[in-house]
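Structure first, commentary second.
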Amino acid sequence: MNNAGANKSVEAGRRSARSRNWPLYLFPIVRQYTGAITGAAVCTLFSAALAVVKPWPLKIVIDRVLTGRHTRVPFIGHWLNHGGLSRMQILNGACVTALLVAAIAGTLTYLSTRIMGEVGQKVVFQLRQELFGHIQRLSLRFHDSHRTGDLITRLTSDIQAIQDAIATGLLSLISNMAVLMGMIAMMFWLDWRFAIAATLIVPLLCIAVYRSSTLIKSASRRARQSDGLLASVAQETLTSIRIVQGLSQEDRQEQLFRAQGENSLNAYLDTNRFQAELAPVVDILAAVGLVIVMRYGAVRMMSGALTTGDVVLFFAYVTGLYRPLRQLARMSLIANKAVIGLERVAAVLDEIPEVHDGADALPAPRFTGAIEFREVSFAYTAGRTVLNDISLKISAGQQVAIVGSTGAGKSTLASLIPRLYDADTGAVLMDGRDIRAYHVQSIREQVALVLQDALLFSGTIRDNITFGCKAASNDEIEQAARTANIWDYICSLPNGLDTYVAERGSSLSGGQKQRIAIARAVLRNASILILDEPTSGLDTVSEMLVMEALQRASEGRTTIMIAHRLATTRFADLVVVMENGRIVECGSPQELLESRGKFARLYEMQQHSLNSGTLKTAVTA
């Protein structure tokens, strides 16, 4: 195995190890809010304590006011029994106490809910920002193998599930566990025999909840995966809606969406079924517990071992004992969604960018634009080489056209310059030095791209032109637009530079989008300009305007043009002909035409097709 393969294996091992510790991605963020979480937990614990105390005023009224017997109450029992208080005083005090308990518990619940809601929002904000930033910096190889819709689902729904767990699930866990422990402790304090009888079914309830939780988690994982695929189908369809409608494929895409939607539906139905199955089990076991309390409590009360208030209190506790258990069972769904969401988020955060700064990387100086490919090979997947032993020198300021059939490796070769990918073997040199010696960002800042699909963003024309240079002045924007042959068109618009552009530039023609993209590239004032089939799909007039703009834009810059229309290569200083990932010819356009090789044959085929009017686009060998 070569070094690259060994490194990938090591990285895979590290990713696997981190996946086993996926909560560690959340802990550093949550740790920042330790104080707020502690405060919310304290409020929740006090609220749970008040929930345990809540039935005691009723016990006091039954024992001291209605039956006139002594009562057992922690801390104040002796005072109630021997303090000389009248029945009305005790009744009024019990009523006031009940109101105070409710008011204080409500206030504490409000505080804890608000605090944890804010913490949940802030944690999710930071986690989402970290995930989005990480996704942006992952290599194109990762994006080539992952569907955009699924990544969007991880950024939205999966992280939302984590927020729900932090905001409500954590408080619910603390509250219900505290209430359970408090109630059981009070029952044992009153009468340990009665308490054992009342809690006999608790282990059975715990087993039922655990089993249901396991099944729900499995179904929830399938549901989240299905949601990601469903979002991918929707995203791909909506972003290609012109093609879908133009080819009348609405029914086909609807069937795909329906098929994936049925997978999601089945997973959610399983989740719902497992939850529904738990409810009757809990109810039946709760009824068994109540029967035990009624039978055993009545016998103990008739023997005089317990007061009526004691039995009523036990009834209240046993009834209340099952409510937290039910809540914990319901909370298992929230918790499982959060765990699965965090697993999916962590799976992306585990990905190590293949293109990254080395330990001793330096900021790149201003490049002159001299580029050298030295014995470069590259493959997207193992065993399928796209570039094979490429060696090529490009002088500073030289205009180079790369031509060849589809799949020859032209775009891949150009992608190695801004380190969108890194070569598997060999090296790409800039001004005589391996580009891996520099920070990735400092290299890309000196490369401008104009792609075949001139992707524009939602916003104004100004926003799109200044996308790579936000600090540009109006004069600089105007000069870039003039260079790109688009300024006159911009001036004809009612709002000029502030005219809104629809998503993906759908409100503009292909030539207009391309010239705005050229203006964006010019404004960057980069040393190197990469043009990836910039005139493909344009009409003759648009192509002429774009080519004029590209000629001006390339002045003083090293320019790499990937061309299918070979007539555009007449402006190149050097033409590189590629086939099957190798360079088969290299020279000036005139030299290659005179050599009667691959380039000459392609050129003659295109000229013949254009002259005959049968083709208006590039011919590939």
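The values are calculated or read from the model by the stated rules, or taken from the named source; none is laboratory data. No experiment lies behind these values; they were computed from the predicted model shown. Positions of Cβ are generated from backbone atoms using ideal geometry, with glycine treated the same way; all protein chains shown enter the neighbour counts.
Within region 169-176, at least one residue is modelled with pLDDT of 80 or more, of a type in the set (Val, Ile, Thr) and in contact with a Leu (Cβ under 9 Å, 6 or more places away or on another chain).
Results for (1) under 30 Å from Ile334 (Cα atoms); (2) surrounded by 13 or more Cβ atoms within 10 Å (Cβ to Cβ); (3) assigned by TED's automatic domain parsing to the domain that holds Lys337, shown as yes or no for each residue.
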position	(1), (2), (3)
Gln235	yes, yes, yes
Ala298	no, no, yes
Ser303	no, no, yes
Val311	no, yes, yes
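Residues that are hydroxyl-bearing (Ser, Thr, Tyr), touching a Ser or Thr at 6+ places or on another chain (Cβ under 6 Å) and in the same structural domain as Arg323 (by TED's automatic domain parsing) number at least 1 in the following helices (runs of 4 or more DSSP H) confined to region 76-189: 87-137.
Here's the yes/no breakdown for (1) closer than 23 Å to Gly320 by Cβ; (2) of a type outside the set (A, V, I, L, M):
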| position | (1), (2) |
| --- | --- |
| Pro57 | yes, yes |
| Arg72 | yes, yes |
| Phe75 | yes, yes |
| His78 | no, yes |
| Gly84 | no, yes |
| Val101 | yes, no |
| Thr107 | yes, yes |
| Val123 | no, no |
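Quick check: is even one residue across region 128-145 within 22 Å of Ala36 (Cα to Cα) and surrounded by fewer than 14 Cβ atoms within 10 Å (Cβ to Cβ)? Scanning region 128-145, I find at least one residue that is within 22 Å of Ala36 (Cα to Cα) and surrounded by fewer than 14 Cβ atoms within 10 Å (Cβ to Cβ), so the answer is yes. Within region 511-521, does at least one residue satisfy the condition of being in contact with a Leu (Cβ under 8 Å, 6 or more places away or on another chain), assigned to a loop (DSSP other than H, G, I, E, B) and touching a residue at least 40 places away in the same chain (Cβ under 8 Å)? Checking region 511-521: not a single residue is in contact with a Leu (Cβ under 8 Å, 6 or more places away or on another chain), assigned to a loop (DSSP other than H, G, I, E, B) and touching a residue at least 40 places away in the same chain (Cβ under 8 Å). Scanning region 191-242 for residues that are in contact with a helix residue (DSSP H, G or I) (Cβ under 9 Å, 6 or more places away or on another chain), closer than 18 Å to Val282 by Cβ and among the hydrophobic types (A, V, I, L, M, F, W, C) yields a total of 11.
Across region 463-499, what is the total count of residues that are of a type in the set (Ser, Thr, Tyr) and either crowded, with 17+ Cβ neighbours inside 10 Å or touching a residue at least 40 places away in the same chain (Cβ under 8 Å) (or both)?
Going through region 463-499 one residue at a time, the tally reaches 3.
The residues of region 71-90 that are within 22 Å of Val52 (Cβ to Cβ), without any contact (Cβ under 8 Å) to a residue 60 or more places away in the chain and out of contact with any Phe, Trp or Tyr (no Cβ under 9 Å at 6 or more places or on another chain), listed by number, are Phe75, Ile76, Gly77, His78, Trp79, Leu80, Asn81, Ile90. Of Val619, Val541, which residue is in a helix (DSSP H, G or I) and modelled with pLDDT under 75? After applying the criteria, what remains is Val541. The set of residues in region 283-328 that are within 22 Å of Ile60 (Cβ to Cβ), among the polar types (S, T, N, Q) and either in a helix (DSSP H, G or I) or modelled with pLDDT of 80 or more (or both) comprises Thr308, Thr319. Residue check: Ile352 meets all listed conditions (1) buried (at least 17 other Cβ atoms within 10 Å of the Cβ); (2) at pLDDT below 80; (3) not in a helix (DSSP H, G or I) but one, namely (2). Scanning region 290-307 for residues that are touching a residue at least 40 places away in the same chain (Cβ under 8 Å) and over 58 Å from the mean Cα position of the chain (by Cα) yields Arg300, Ala305, Leu306, Thr307. Scanning for something modelled with pLDDT under 80, among the polar types (S, T, N, Q) and more than 18 Å from Lys393 (Cβ to Cβ), does region 579-586 turn up at least one residue? There is no residue in region 579-586 that is modelled with pLDDT under 80, among the polar types (S, T, N, Q) and more than 18 Å from Lys393 (Cβ to Cβ). Taking the listed residues Ala401, Ala370, Ala408, the one that is under 16 Å from Asn580 (Cβ atoms) and at pLDDT 85 or above is Ala408, with no other qualifying.
Residue-wise test of (1) surrounded by 22 or more Cβ atoms within 10 Å (Cβ to Cβ); (2) more than 13 Å from Met561 (Cα to Cα); (3) more than 34 Å from the chain's Cα centre (by Cα).
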position: Ala396; (1), (2), (3): no, yes, yes
position: Ile402; (1), (2), (3): yes, no, yes
position: Arg436; (1), (2), (3): no, yes, no
position: His439; (1), (2), (3): no, yes, no
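Taken over region 568-598, the criterion of being assigned to a helix (DSSP H, G or I) and under 19 Å from Met547 (Cα atoms) is satisfied by Thr568, Thr569, Arg570, Phe571, Pro589.
Selection over region 191-201 of residues that are part of a helix (DSSP H, G or I) and buried (at least 18 other Cβ atoms within 10 Å of the Cβ) gives a count of 4. Would you check if Ala36 is surrounded by 18 or more Cβ atoms within 10 Å (Cβ to Cβ) and in contact (Cβ under 8 Å) with a residue 60 or more places away in the chain? When the stated conditions are applied, Ala36 does not pass them. Counting only residues that are within 18 Å of Met430 (Cα to Cα), among the polar types (S, T, N, Q) and either outside any loop (DSSP other than H, G, I, E, B) or touching a Phe, Trp or Tyr at 6+ places or on another chain (Cβ under 9 Å) (or both), region 367-412 holds 4 of them.
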